[in-house]
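Asker: Have a look at this one before I ask anything.
Read-outs: derived from the displayed coordinates by stated rules, not from any lab. Everything quoted here is computed from the prediction, not taken from an experiment. Virtual Cβ from ideal backbone geometry, glycine too; neighbours counted across all protein chains shown.
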Amino acid sequence: MSLHFGTLYWPETCAKPASYAALNEDVKTRVAIVGGGMSGVACGYELARSGMEAVLIEQGRIAGGSSAANSGIVQFMSDRMLGDFIGTLGERDAVTLYRACLQAVERLLAISERLPRGAQARRRCSLYYASTPEEAAPLRQEYELLRRHGFGADWWDASMIAERFPFRKDAAILTHGDAEFNPYLFVLALAEEAVKLGLSVYEHTALKSVHHAPAGSGARFVVETSGGTIEADHIVYAVGYTPEQAGGRWIRARTCRTYAIVTDPLASLTGWHERCLLWETARPYLYARTTPDNRLVVGGLDENLRLPVLTAKELRAHSLRLLSEMNKLFPQWKPEIRYEWCGSFCESADGLPWIGEDPDRPGQHYLLGYGGNGAVYSMLGANVIRDNLTGNDHPASTIVRPDRRVAIPGAGAASSV
């Protein structure tokens, strides 16, 4: 299944990505990771740094799937607000989750600073504004929750917004602790560093099947691939937005599609306060950021449809809608669309990723960062998997475990999946 349609911007920023040979022999390792996107590579990096032997296989190229269509927006706040999570998880777990997401942002930034290739990572604030006057009051409640639990947030009224931007909104929360980065460069550079630390990476190597190893082999599983086989004690499914590849009965994801554009560079971005990340309370929401060379990245218009659009005409219609929304915010600019795409993504009913060991299949683990917080959930998941395999407790592991009871907002009692 194709994960995106159109012209992607991020691959244009790296002319010669590193390449890795396909697996063509039988190997043995402690952990086999399936998937070479951000989740899989981050997991491989964290395991390698911990001294754990691991092999990663990717059916195409590293960062060639949804990582190349990522917005590069990194926020500790989820599409699901803290108040919503308190309603479904309880206050303690909701706050624990948000703190774990904030720590994941810090982890991503710390790693980026060590990457020789760089990932264009920058600390940013986020302006989360009320889309309509009626949404200002619920937004204020969310602000009070964030402040009560120690998250960096400021309340901006209409006059404070108007002093810093050319548009008017009734209210907004300015959050601190977020970031932007180049997701494609990050995953490529992280893979290179992980290899230096001992991770084995194989491209163009597809997963075929998994079965239990014969008695006396010294391993738990045999992973059959399009090349050789991998004997491993653990398997991590970091298969992105193709959940069927992970198997098991716990994953009940809904696949949707979203749209994004990247403009030509602008001469100046005067009027965009501190280049902060922009998003709104409406659902689906518009989001926007800038790039180091003064491009605008704008996305949104999410739809509950599985496959990306298949024609340039349909894609362009959505791209022009995104550009029109951006022109309403910044009417002084006349940006031109240079890149445009439609991409698939997955959501869970409760807004949480699936991360951890499958209780039906001991030794097989999910690292599926589903939700509108994909980059953060990938980093969070890599740390949860690392801690699980090294015998440590991660504070968020029970919250995101695959066999959790899925609490759906407004649906009454939680249900099993």
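Asker: Computed over the Cα atoms of the range 251-291, what is the convex hull's projected area averaged over all directions, in nm²?
Answerer: If I average the Cα hull's projected area over directions, I get 4.7 nm².
Asker: I would also like to ask the following. Once both axes come from the Cα atoms, what is the angle between helix 136-148 and the longest principal axis of the chain, in degrees from 0 to 90, rounded to 10?
Answerer: Taking Cα atoms only, the helix is inclined about 50 degrees.
Asker: Put +1 on the Cβ of each Lys and Arg and -1 on the Cβ of each Asp and Glu in the range 4-408; which of His211, Ile73, Asn388 then has its Cα farthest toward the positive end of the dipole?
Answerer: So the residue furthest toward the plus end is Ile73.
Asker: Return the sequence-ordered ³J(HN,Hα) values of the range 24-35 in whole Hz as given by the Karplus equation 6.51 cos²θ - 1.76 cosθ + 1.60 applied to θ = phi - 60°, using x for Gly and Pro.
Answerer: Karplus-based 3J(HN,Hα) across the range 24-35 equals 9, 8, 8, 10, 10, 7, 7, 10, 9, 10, 9, x Hz.
Asker: A follow-up question, please. Taking amide H positions as placed in the peptide plane 1.01 Å from N, state which residues far from Cys125 in sequence (5 or more) or on other chains have amide H under 5 Å from it.
Answerer: Excluding prolines and chain starts, which carry no amide H, the hits are Leu277.
Asker: Could you pull out every Cys in the chain that lacks a partner Cys with its beta carbon under 4.7 Å away?
Answerer: Singleton cysteines: Cys14, Cys43, Cys101, Cys256, Cys342, Cys346.
Asker: Looking at (i) 1.11; (ii) 1.04; (iii) 0.96, which value of Rg/Rh (Cα atoms, Kirkwood Rh) comes from a calculation on the structure shown?
Answerer: Among (i) 1.11; (ii) 1.04; (iii) 0.96, the one derived from this structure is (iii).
Asker: Right, something else. Dipole of the range 4-408, Cα-centred, from +1 at each Lys and Arg C-beta and -1 at each Asp and Glu C-beta, to the nearest 20 debye?
Answerer: Numbers: 43 positive and 47 negative charges, 78 e Å.
Using only the charged Cβ atoms, the result is roughly 380 debye.
Asker: At a 10 Å Cβ-Cβ cut-off, how would you order Cys346, Cys125, fewest neighbours first?
Answerer: Cys125, Cys346
Asker: Which Cα, out of Ser112, Leu197, Gly227, lies furthest along the positive dipole direction of the chain (beta carbon charges, K/R +1, D/E -1)?
Answerer: Projecting each Cα onto the dipole axis, the largest value belongs to Ser112.
Asker: Same structure again: Would you calculate, for the chain, the mean residue ellipticity at 222 nm contributed by helices, counting each DSSP H stretch of 4 or more residues as -39,500 (n - 2.57) and dividing by all residues, to the nearest 500?
Answerer: After summing the helix terms and dividing by residue count, I get -8500 deg cm²/dmol.
Asker: Additional query: Counting only C-alpha contacts under 8 Å and six or more residues apart, can you give the relative contact order of the chain as a whole percent?
Answerer: 24 percent
Asker: Could you work out how far helix 38-49 tilts from the main Cα principal axis of the chain, as a 0 to 90 degree angle to the nearest 10?
Answerer: The helix 38-49 is inclined about 60 degrees to the chain.
Asker: Which value in nm describes the separation of the simple spin-label points at Lys328 and Arg114, placed 7 Å from the Cα toward the beta carbon?
Answerer: 4.4 nm
Asker: Something else now. Sequence-distant or interchain residues sharing an amide H contact under 5 Å with Ala153, placed H: which?
Answerer: Close amide H contacts, sequence-distant or interchain: His176.
Asker: Please give the Cα centre distance for the range 94-164 versus the range 228-305, rounded to the nearest Å.
Answerer: After rounding, the separation between the Cα centres reads 17 Å.
Asker: Sort 386-397, 17-28, 2-13, 171-182 for me by packing, meaning the mean count of neighbouring Cβ atoms within 10 Å per residue, highest on top.
Answerer: So the peptides 386-397, 17-28, 2-13, 171-182, ranked by packing, come out 171-182, 2-13, 386-397, 17-28.
Asker: Same structure, new question: Counting only C-alpha contacts under 8 Å and six or more residues apart, can you give the relative contact order of the range 307-372 as a whole percent?
Answerer: Details: 54 pairs, mean separation 17.6, N = 66.
Relative contact order for the range 307-372 comes out at 27 percent.
Asker: Can you tell me the orientation of helix 312-329 relative to the chain, as the angle in degrees between its alpha-carbon axis and the longest Cα principal axis, to the nearest 10?
Answerer: Taking Cα atoms only, the helix is inclined about 50 degrees.
Asker: For the pair Asp403 and Thr7, how long in nm is the line joining their label points, each one 7 Å along Cα→Cβ?
Answerer: Those two pseudo-labels are separated by 5.0 nm.
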